[in-house]
Amino acid sequence: LASRTSAARAFTSHSSLPEEHKMIYEMCRKFADEELAPNAGQWDQKHQYPADAISQMGELGLMGINVSDENGGSGLDAMSYAIAMEEISRGCASVGVIMSAHNS
């Protein structure tokens, strides 16, 4: 057990993430703060599908994170998906569910 524990990488803050993951974190955080959070309450109250936000997420490569480049996805890893999911869901939980469904 000790050898498995020491071999595992643990990240305790965003500043300790590899550069690629930091970029995904910053991109998703900015998108969540600027595009999702200001509109989330209205979308939920009016039962609106956030089509424009979902389209923008597709353009950012968030709707196929774990899908290979050859198949039209972003070709990123599970850590990238987890970071993106956390930040997008922070901005709007409903959009996070939509993103999850499109990455399953």
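The values are calculated or read from the model by the stated rules, or taken from the named source; none is laboratory data. Just so it is clear, the structure is predicted and the values come from calculations on it, not from any experiment. When we count neighbours, we look across all protein chains shown, and the Cβ atoms used for this are built from the backbone with ideal geometry, even at glycine. Just the protein is used for accessible areas: all its heavy atoms, side chains included, with ligands, DNA and RNA removed. Shrake-Rupley method; radii C 1.70, N 1.55, O 1.52, S 1.80 Å.
So that you can scan it fast, the table gives a plain yes or no per residue for (1) in contact with a helix residue (DSSP H, G or I) (Cβ under 9 Å, 6 or more places away or on another chain); (2) part of a helix (DSSP H, G or I); (3) at pLDDT 95 or above:
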{"residue": "Ser3", "(1), (2), (3)": "no, yes, no"}
{"residue": "Arg9", "(1), (2), (3)": "no, no, no"}
{"residue": "Thr12", "(1), (2), (3)": "no, no, no"}
{"residue": "Ser15", "(1), (2), (3)": "yes, yes, no"}
{"residue": "His21", "(1), (2), (3)": "yes, yes, no"}
{"residue": "Met27", "(1), (2), (3)": "yes, yes, yes"}
{"residue": "Phe31", "(1), (2), (3)": "yes, yes, yes"}
{"residue": "Ala37", "(1), (2), (3)": "yes, yes, yes"}
{"residue": "Ala40", "(1), (2), (3)": "yes, yes, yes"}
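Out of all the residues in segment 50-104, which are touching an Asp or Glu at 6+ places or on another chain (Cβ under 6 Å), modelled with pLDDT of 95 or more and not in a helix (DSSP H, G or I)?
Of everything in segment 50-104, nothing turns out to be touching an Asp or Glu at 6+ places or on another chain (Cβ under 6 Å), modelled with pLDDT of 95 or more and not in a helix (DSSP H, G or I).
Just to be sure I understand, how many residues within segment 36-48 are surrounded by 11 or more Cβ atoms within 10 Å (Cβ to Cβ) and either farther than 13 Å from Cys92 by Cα or free of Cβ contacts under 8 Å to residues at least 12 places away in the same chain (or both)? Lay out the reasoning, then the answer.
So the first thing to find is which residues in segment 36-48 are surrounded by 11 or more Cβ atoms within 10 Å (Cβ to Cβ), and the list is 36-40, 43-44, 48.
Applying the additional criterion that residues be either farther than 13 Å from Cys92 by Cα or free of Cβ contacts under 8 Å to residues at least 12 places away in the same chain (or both) yields 38, 48.
Total satisfying the criteria: 2.
For segment 52-72, how many residues are over 17 Å from Met27 (Cα atoms) and either basic (Lys, Arg) or open to solvent by less than 50 Å² (accessible area, probe 1.4 Å) (or both)?
The number of residues fulfilling the criteria is 1.
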